[in-house]
Amino acid sequence: MGRCDRCPRADVLTTVIETDVAVIGAGQAGLSAGYHLRRAGLAAGSGFVMLDRSPDPGGAWQFRWPSLTLSTVNGVNDLPGMEFADTLTGENPDDVTAAEAVPRYYQAYEEKFDLQVRRPVTVTVVCDREPRFRVEADELVVSARGLINATGTWEKPFIPSYPGAETFGGRQLHTKDYRTADEFAGKHVVVVGGGISAVQLLDEISLVTSTTWVTRRKPEFRDGSFGPDAGRAAVAMVEERVRAGLPPGSVVSVTGLLLTERLKAARDRGALERLPMFSEIVPDGLRWADGTSLRADVILWATGFRSALDHLAPLRLRGHGGGIVMDGRLATRVASDHRVHLLGYGPSASTIGANRAGRAAVAELMTTLDIG
């Protein structure tokens with residue numbers, strides 16, 4: 001691919017670390033990749049370098065809202081080689097916040113396997129200087145033969161564009177910015193979105209103030225945990241899309257939303273009554289196409305995230321469909337450049353999927369780079 005004009009001159013930054021593999025991101029997927037790189041015989045530093053923009057271990061978990069405890073979180077999956085329970089000391093799950101427990105686990109994991117994560121460093125751009133990649137991260141430059149990108153989605157909250165949004169006189173925020181339901185007391189809150197975070201926050205907020213739930217599609221609830229067939233169907237749906245070069249889709253349409261005891265209580269008090277999407281935002285609320293309007297003080301956008309891949313733009317990985325064509329055993333490998341693997345993209349976005357994908361990505365990358 002040659003040089004790209006977004007990279008600075010080679011003499012601008014003089015501290016260059018040469019390594020075989022650069023891992024960008026140290027959340028679930030990145031740590032899994034680091035573990036399997038160590039298992040493959042690579043040493044932290046010379047064999048692989050891990051870069052993370054967060055100030056401390058924990059990935060996106062360290063920024064989650066305080067009310068998200070281990071009893072309410074959708075699931076914390078064990079990383080390979082070390083169980084999450086090993087870092088708990090008899091605490092009551094109702095009392096331990098995910099923002100405390102998961103970072104503690106990740107920190108212990110990094111130390112146990114000597115992953116030597118460099119942080120906080122923000123990767124601003126990755127360019128192809130064949131046969132290596134040049135990874136710019138603040139004042140640090142990493143020259144790597146292969147790349148595992150595990151930046152996740154937390155840094156790219158998605159808020160859809162609606163007419164009149166700039167005229168709204170109340171408050172708009174994304175789930176990324178949510179802290180506590182108490183700050184909305186006395187206000188009417190509209191929660192927009194049909195995913196797990198949307199119903200969790202709707203439940204919390206509806207206990208302290210009036211709410212309205214708005215979704216694009218009619219939500220589907222299930223009474224029990226979905227079985228292996230449904231899980232495989234969800235992963236297969238997303239995998240099919242990324243192998244075709246389409247943007248990853250939501251899996252909630254396949255798995256449905258688990259109707260927990262808390263959500264049953266929310267349903268019984270009317271909090272889960274849902275309205276279809278509005279057509280525009282007005283200064284004091286929302287308006288639908290049929291002329292119906294609703295007054296609102298707060299719009300909480302629980303509309304998900306997009307993959308944080310802007311730093312990879314010079315590699316020109318995206319195709320005409322808006323996504324990236326993926327291949328490999330678990331669809332983590334970029335079809336146009338087998339030196340690049342994306343973890344947390346598509347079928348590897350779940351915590352369980354991230355572990356399996358980390359192992360597969362490392363195995364395939366070692367073969368591509370002819371290491372071992």
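In terms of Cα to Cα distance under 17 Å, which aspartates and glutamates are near enough to Lys156, apart from those fewer than 8 places away along the same chain?
The qualifying aspartates and glutamates are Asp52, Asp177, Asp310.
Per DSSP H run of n ≥ 4, the term is -39500 (n - 2.57); total these for the chain, divide by its residue number, and report the mean residue ellipticity at 222 nm rounded to 500 deg cm²/dmol.
Taken over the chain, the calculation gives -7000 deg cm²/dmol.
Ranking Arg118, Arg216 by Cβ neighbours within 10 Å, fewest first, what do you get?
Lowest count first: Arg216, Arg118.
Shape call for region 71-206 from the C-alpha gyration tensor, a ≥ b ≥ c root eigenvalues: rounded (a/c under 1.5), prolate (a/b greater than b/c) or oblate?
It comes out oblate by the Cα gyration axes.
With r as the distance between the Cβ atoms of Arg129 and Ala85 and R0 = 35 Å, compute the FRET efficiency 1/(1 + (r/R0)^6) and round to 0.05.
Rounded to the nearest 0.05, the efficiency is 0.20.
In the calculated pair distance distribution of region 237-367, what percentage of Cα-Cα distances lie above 19 Å?
63 percent
Assign unit charges at the C-beta atoms only (+1 for Lys and Arg, -1 for Asp and Glu), then state the dipole size of the chain relative to its Cα centre in Debye, rounded to the nearest 20.
The dipole magnitude comes to about 920 debye.
Along the Cα→Cβ direction, 7 angstrom out, place labels at Thr72 and Arg119. What is the inter-label distance in nm?
The answer from the label model is 2.4 nm.
Output needed for the chain: three equivalent-ellipsoid semi-axes, defined as square roots of 5 times the C-alpha gyration tensor eigenvalues, in descending order, whole Å.
Calculated on Cα positions only, the semi-axes equal 38, 24, 20 Å.
Placing +1 on the Cβ of each Lys and Arg and -1 on the Cβ of each Asp and Glu in region 241-372, which of Ala289, Leu309, Gly328 has its Cα farthest towards the positive end of the resulting dipole?
Going by the charge dipole, the pick is Gly328.
Can you tell me the FRET efficiency between Ile17 and Arg217 if r is taken as the Cβ-Cβ distance and R0 is 41 Å, rounded to the nearest 0.05?
Given R0 = 41 Å and the Cβ-Cβ separation, E is 0.30.
Can you list the aspartates and glutamates whose alpha carbon is less than 15 Å from that of Lys218, not counting same-chain residues fewer than 8 positions off?
Glu273
Coordinate-derived values only; no laboratory data. Every value quoted in this text rests on a predicted model; they were computed, and no experiment measured them. A quick note on method: Cβ atoms are made from the backbone with ideal geometry, for glycine too, and the neighbour counts reach across all protein chains shown.
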